[in-house]
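Everything below concerns the one structure shown next.
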Amino acid sequence: MERRSLIKMMGAATAAAGTSLIAGKASAAEKVTIALIPGLTADGFYVTMHKGAEAAAKALGVDLIYQGAAEWNVSLQVPILDAVIAKKPAAILIAPNDKQQLIQPLKKANDTGIAVVCVDTFIGNGVFQTGSGDADFPISYVASDNVLGGRMAARALAKAIGEKGKVYVSNTIPNISTTDQREEGFKLEIKNYPNIEVLETQFNGDDANKAAAQFQAVLGRVPDLAGVFGANLFSAAGAANGAKQAGVAGKVKMAGFDAPESIVAQLKDGTFELTIAQHPAEIGYFGLVAAYAHVTGNPVPTAIGTGFTVMTAANIDDPNVSRYLYKSE
Ligand code: T6T
């Protein structure tokens, strides 16, 4: 459905609900404040998600608070969450930094009557409003299908290396739902290729420099390394830099995840075979719409899936593809 018609529909539903909205919920006439807490601020993925949330906030007349830490770190995200809770928004959209460690801090928000929507990453198992477990309270989960994304990367990398050879996953930090699921999907799909061996995952702590050093260390141990799956922006960019520094860019095949502007040149020069661009603006947009629908008394799907665009050297000049490159500011 066209975004504009969805908004129109929601506006109509809100108006139809009129003053008979559920007690404790915002009335249609009240100004609604919604907060977005990204996984980190210094990442084009979340910069772009913020833009999507801003567009929806503008369309709906919502006040949007955007507050996050500069790095991926639970001990930085929790105090930011507490500070946002103190501002008493009607809802919080959040990309939790850890599947388990954010459950209790977010429960605090939920217990004070603030609706929680997970965007990009989830807490618990990501299945919400089931009436069971301690992490089912978020209203909705709005994100890419990360297992599928991992499977897509595996198929593309397998093809690029002639369905044989040694590969590894360059990954960020364990217990992040998205990147765990991408690795899971990648490994499940690679099972269909008996001549591909998956080496031990290299975790870089969301640090591209570390990912580059790890690439060089793996190549030192495994000179016939055939390919790498970079499971997020920093893991992919770092591994690609490592390959460049080692003089094997284009020789060791790379399947990336995420789409910073720098990927364009790296697709064209063969450093990356492909990258799987998520649609973070869509995640921000529909996350905000879902939160608004809930706080104005309307039912909301418990999961909203957003799409991917596979970018290659062959299609990156197509404006329908390049529009999904992430914004850096
Ligand atoms: O890949 C995205 C996001 O989906 C993931 O949860 C964390 O890493 C990124 O922000 C890219 O750096």
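The values are calculated or read from the model by the stated rules, or taken from the named source; none is laboratory data. Just so you know, these numbers come straight off a predicted model, no measurement behind them. Positions of Cβ are backbone-derived with ideal geometry, glycine not excepted, and every protein chain shown enters the neighbour counts. Note: areas computed on protein heavy atoms with side chains; ligands, DNA, RNA excluded. Shrake-Rupley method; radii C 1.70, N 1.55, O 1.52, S 1.80 Å.
Of all the options L157, L199, L267, the one that moves most in a Gaussian network model of the chain with Cα springs shorter than 10 angstrom is L199. Per-residue 3J(HN,Hα) values for region 213-219, derived from phi via the Karplus relation 6.51 cos²θ - 1.76 cosθ + 1.60 with θ = phi - 60°, read 5, 5, 4, 5, 5, 5, 4 Hz in sequence order (x marks Gly and Pro).
Bridging of K108 to aspartates and glutamates at a Cα separation below 17 Å is possible for D82, D98, D134, D136, once same-chain residues fewer than 8 apart are set aside. Stokes-Einstein, applied to the Kirkwood radius of region 37-83 over Cα pairs at a viscosity of 0.890 mPa s and 25 °C, places its translational diffusion at 218 µm² s⁻¹. Amide H contacts for D145 (H built 1.01 Å from N in the peptide plane; partners 5 or more residues away or on another chain; cut-off under 5 Å): T306.
Farthest towards the positive end of the charge dipole of the chain, among the residues A303, Y66, P38, is the Cα of A303, using unit charges on the Cβ of Lys, Arg, Asp and Glu.
Might you tell me the accessible area per residue for the chain, computed with a 1.4 Å probe and given in Å²? Can you show the working numbers first?
Numbers: 13730 Å² over 329 residues.
The answer is 42 Å² per residue.
Taking the Cα centre of region 233-329 as origin and assigning +1 to Lys and Arg Cβ atoms and -1 to Asp and Glu Cβ atoms, the resulting dipole is close to 220 debye.
Rounded to two decimals, what is the ratio between the C-alpha radius of gyration of region 113-184 and 2.2 N^0.38 Å?
Numbers: Rg = 15.7 Å, N = 72, 2.2 N^0.38 = 11.2 Å.
That works out to 1.41 for region 113-184.
For region 298-315, 3J(HN,Hα) computed residue by residue from phi via the Karplus equation (6.51, -1.76, 1.60; θ = phi - 60°) reads 9, x, 9, x, 6, 9, 10, x, 10, x, 10, 10, 7, 9, 9, 4, 6, 10 Hz, glycine and proline entered as x.
Taking N192, N146, N204 as the candidate residues, the one with maximal mean-square fluctuation in a Gaussian network model of the chain, Cα springs under 10 Å, is N192. The H on the amide N of I65, modeled in the peptide plane, is under 5 Å from the matching H of I34, A35, L36, each at least 5 residues off or on a different chain. Against the chain, whose longest principal axis comes from its Cα atoms, helix 146-160 is set at around 20 degrees. Of the trypsin sites (Lys or Arg not before Pro) found in region 112-213, those that fall in a DSSP loop while having at most 14 other beta-carbon atoms within 10 Å are K164, K191.
I'd like the Kirkwood hydrodynamic radius of the chain, using the inverse of the mean 1/r over distinct C-alpha pairs, in Å. Spell out each step's value before the answer.
On the way: mean 1/r = 0.0491 Å⁻¹.
The answer is 20.4 Å.
Per residue of the chain, what 222 nm ellipticity follows from adding -39500 (n - 2.57) for every DSSP H run with n ≥ 4, rounded to the nearest 500? Intermediate results must be reported in sequence, preceding the final value.
Working: 11 runs with 136 residues, N = 329.
It lands at -13000 deg cm²/dmol.
Only bridges with both residues in the chain count here: give the DSSP antiparallel percent, nearest 5.
Taking every DSSP beta bridge within the chain, about 10 percent pair in antiparallel fashion.
Based on Cβ point charges of +1 for Lys and Arg and -1 for Asp and Glu, what charge dipole magnitude is obtained for the chain about its Cα centre, in debye rounded to the nearest 20? Write out the running numbers ahead of the final one.
Details: 28 positive and 31 negative charges, 70 e Å.
The dipole of the chain has a size of about 340 debye.
List, in the order given, every pair from K51/K87; K99/K210; K88/K210; K107/K187; K210/K327; K166/K244 whose Cα-Cα distance in the structure shown is over 27 Å. It would help to have the intermediate numbers written out before the result.
Values: K51/K87 22 Å; K99/K210 23 Å; K88/K210 39 Å; K107/K187 33 Å; K210/K327 24 Å; K166/K244 19 Å.
Violating the 27 Å Cα-Cα cut-off are K88/K210; K107/K187.
Suppose the Debye formula is applied to equal point scatterers at every Cα of region 245-329; what is log10 I(q)/I(0) at q = 0.24 Å⁻¹? For region 245-329, the Cα-only Debye profile gives -1.09.
What angle, in degrees between 0 and 90 and rounded to the nearest 10, separates the Cα long axis of helix 233-245 from the longest principal axis of the Cα atoms of the chain? For helix 233-245, the angle is close to 20 degrees. In units of the compact-protein estimate 2.2 N^0.38 Å, region 149-220 shows a Cα radius of gyration of 1.09. Seen against the Cα atoms of the chain and their longest principal axis, helix 74-86 is set at about 20 degrees.
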